[in-house]
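**Q** First the structure, which I've put down as structure tokens, then a few questions once you've had a look.
The values are calculated or read from the model by the stated rules, or taken from the named source; none is laboratory data. Since the model is a prediction, treat every value here as computed from it, not as a measurement. In this analysis, Cβ positions are derived from the backbone assuming ideal geometry, glycine residues included, and neighbour counts consider all displayed protein chains. What goes into the accessible areas is simple: the full protein's heavy atoms, side chains included, and nothing from ligands, DNA or RNA. Shrake-Rupley method; radii C 1.70, N 1.55, O 1.52, S 1.80 Å.
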Amino acid sequence: NRLSAWEVENYNEENDHLPVLRSFTIAFLIKDLVLSKGAYPGTVVEKETFGVSILDCLLAFTLQDEAYSDDNVIAKNGAIFNRRRRPVEDATMTMILEALLSDEIFSTLFALLHSVWDSTRAVSFIFLTKLVVSCQ
């Protein structure tokens, strides 16, 4: 949220989105950290649940709706949901949401539903249902 607020204040009219926020969330967090690297240098179950947790945080941040976040996602006093976004931020959030709704994310979540660990299957199912509801 701070990155988004900073980039809006220093917004360049040449772009219809916020390139730094977009690159950080889509290129680094989603594509590199979650999809490519497995997100966490620990056991397999930790990698799986950590990756889904990152996606869960991104969904709550993108939708700016407390209904999509768990207790561990919301900042102090719900701070990420208090600020009204500008149109350029909304355009960037749409791009992030599209990345979260990509074929790769759904394929990964469906694969995680077949994990040998109960916790991975549970968090994957919960996040997958949040994604489906957010599409409507």
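**Q** Report, by residue number, each residue of the stretch 116-136 that is open to solvent by 80 Å² or more (accessible area, probe 1.4 Å) and of a type in the set (S, T, N, Q).
**A** Matches in the stretch 116-136: 136 only.
**Q** Here's another thing I want to ask about it. If you go through the stretch 90-136, how many residues are at pLDDT 90 or above, among the small types (Gly, Ala, Ser) and touching a Leu at 6+ places or on another chain (Cβ under 8 Å)?
**A** Adding up the residues that qualify gives 1.
**Q** If I ask for residues that are part of a helix (DSSP H, G or I), of a type outside the set (A, V, I, L, M), more than 13 Å from residue 55 (Cα to Cα) and free of Cβ contacts under 8 Å to residues at least 60 places away in the same chain, which ones from the stretch 106-136 would you list?
**A** 107, 110, 118, 121
**Q** Here is a follow-up. Among the residues of the stretch 54-76, is there at least one that is at pLDDT below 85 and at positive phi?
**A** Yes, the stretch 54-76 has at least one match.
**Q** Something else: Do we have any residue at all in the stretch 15-24 that's closer than 30 Å to residue 117 by Cβ, at pLDDT 75 or above and under 12 Å from the mean Cα position of the chain (by Cα)?
**A** The answer is yes; a qualifying residue exists.
**Q** Let me ask something else about it. Scan the stretch 79-105 for residues that are closer than 27 Å to residue 5 by Cβ, assigned to a helix (DSSP H, G or I) and touching a residue at least 60 places away in the same chain (Cβ under 8 Å) and jot them down.
**A** Those that are closer than 27 Å to residue 5 by Cβ, assigned to a helix (DSSP H, G or I) and touching a residue at least 60 places away in the same chain (Cβ under 8 Å): 79, 80, 88, 89, 91, 92, 95, 96, 99, 100, 105.
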